[in-house]
C-alpha cells in the first residue's frame with residue numbers, strides 16, 4: 001500500500017509539472033530564498049485529505065506518501081519551489097468546503113490535489129470551479145462527479161478522477177460470489193442478501209450497484225440501509 005501511494009504521489013507530481021508547463025500556474029509575486037539573493041517563484045499546492053475524523057488513517061498514509069514524493073524531487077517543479085498547504089476535510093463536505101476556502105484565502109493556493117471521499121469531491125468541485133483552481137487526482141468515485149463534470153464547463157478544473165465509478169468497481173464483488181457458488185466453494189442457505197454501507201455519495205452509489213448486480217443474477221435483496229460514517233457496527237446487522 002505504501003509503495004502504491006508513493007507511486008501515486010509521484011504521478012501527481014508529474015501531472016503538476018505538466019500543468020505548470022502548459023499554464024504557467026504559480027505565484028505572481030516571487031519570494032526570496034534563504035540561500036540566495038535571487039528571486040524564486042513559489043507554487044502553493046493545496047493537499048486535500050481527511051487528516052482527522054473517520055478517514056484519518058487513510059489521510060495519514062496519503063500525507064506520508066505526498067511528503068516522500070515531494071522530498072524526492074526536492075520540493076521543486078522546474079524553477080518553482082513547492083509549498084504544501086494541508087487541507088483537512090475531515091471526511092465531511094461542509095467542513096471540507098470551509099477548509100478549502102481558508103486555503104484559498106489564507107494560503108493563496110495555486111493548485112490543489114487528492115481527496116478521498118466522494119461526498120467531499122462533489123462539494124469541492126464547486127470550490128475549485130468558483131476560484132478556477134485546477135484540482136488533480138481526487139479519489140471520489142461516485143457517478144455524481146462524472147455527471148457534475150459533464151454538466152458545465154466550469155467543472156473542467158477537476159482533472160484526473162482517481163477511481164472508476166462504483167458501477168464499474170462493484171461488478172467483481174457479485175461475480176466472485178456467484179462464481180464461488182458455481183464451482184462449489186460456497187453453498188449459501190438461500191440466495192438472499194442485505195446491503196449495508198456508509199451514508200455518503202460513495203456508499204449509496206456502491207450499495208445500489210451491488211444490490212442491482214445481485215438482483216440481476218437471481219438474488220433477493222432483503223434490506224438496503226446506509227448509516228453515518230463511523231457509526232456502522234456490522235455485527236448487529238449480521239444478527240438480524
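Counting only residues that are touching a residue at least 40 places away in the same chain (Cβ under 8 Å) and assigned to a helix (DSSP H, G or I), which one in segment 105-120 is nearest to residue 52 (Cα to Cα)? So that I can check it myself, show each step before the final result.
Pass one, segment 105-120, residues touching a residue at least 40 places away in the same chain (Cβ under 8 Å): 107-120.
Among the residues that remain, those that are also assigned to a helix (DSSP H, G or I) are: 107, 118-120.
Working: 107: 20, 118: 16, 119: 16, 120: 14 Å.
So, considering only residues that are touching a residue at least 40 places away in the same chain (Cβ under 8 Å) and assigned to a helix (DSSP H, G or I), the one nearest to residue 52 (Cα to Cα) is 120.
For residue 141, which of the numbered conditions (1) crowded, with 23+ Cβ neighbours inside 10 Å; (2) outside any loop (DSSP other than H, G, I, E, B); (3) modelled with pLDDT under 95 fails to hold?
Result: residue 141 passes all but (2).
Taking the criterion of being outside the structural domain of residue 122 (by TED's automatic domain parsing), part of a helix (DSSP H, G or I) and within 19 Å of residue 141 (Cα to Cα), would at least one residue in segment 180-194 satisfy it?
Checked segment 180-194: no residue is outside the structural domain of residue 122 (by TED's automatic domain parsing), part of a helix (DSSP H, G or I) and within 19 Å of residue 141 (Cα to Cα).
I want to confirm something. Restricting to segment 153-178 and keeping residues that are touching a strand residue (DSSP E or B) at 6+ places or on another chain (Cβ under 8 Å) and modelled with pLDDT of 95 or more, which single residue is surrounded by the most Cβ atoms within 10 Å (Cβ to Cβ)?
Step one: list which residues in segment 153-178 are touching a strand residue (DSSP E or B) at 6+ places or on another chain (Cβ under 8 Å), which gives 157-160.
If we keep only those that are modelled with pLDDT of 95 or more too, we end up with 157-158.
On the way: 157: 20, 158: 25.
Filtering segment 153-178 for residues that are touching a strand residue (DSSP E or B) at 6+ places or on another chain (Cβ under 8 Å) and modelled with pLDDT of 95 or more, the one surrounded by the most Cβ atoms within 10 Å (Cβ to Cβ) comes out as 158.
Cβ-Cβ distance below 7 Å, separation of 6 or more or different chains: which pairs start in segment 196-217 with a residue that is within 11 Å of residue 171 (Cα to Cα) and in the same structural domain as residue 117 (by TED's automatic domain parsing) and end on one that is at pLDDT 95 or above and part of a helix (DSSP H, G or I)?
Matching pairs, first to second residue: none at all.
Restricting to segment 74-104, and then to whatever is in contact with a strand residue (DSSP E or B) (Cβ under 8 Å, 6 or more places away or on another chain) and part of a loop (DSSP other than H, G, I, E, B), can you tell me which residue is surrounded by the fewest Cβ atoms within 10 Å (Cβ to Cβ)?
By that ranking, first place goes to 79.
The values are calculated or read from the model by the stated rules, or taken from the named source; none is laboratory data. Model, not experiment: these values are computed from the prediction. Glycine also receives a Cβ, built like all others from the backbone with ideal geometry; neighbour counts cover every protein chain displayed.
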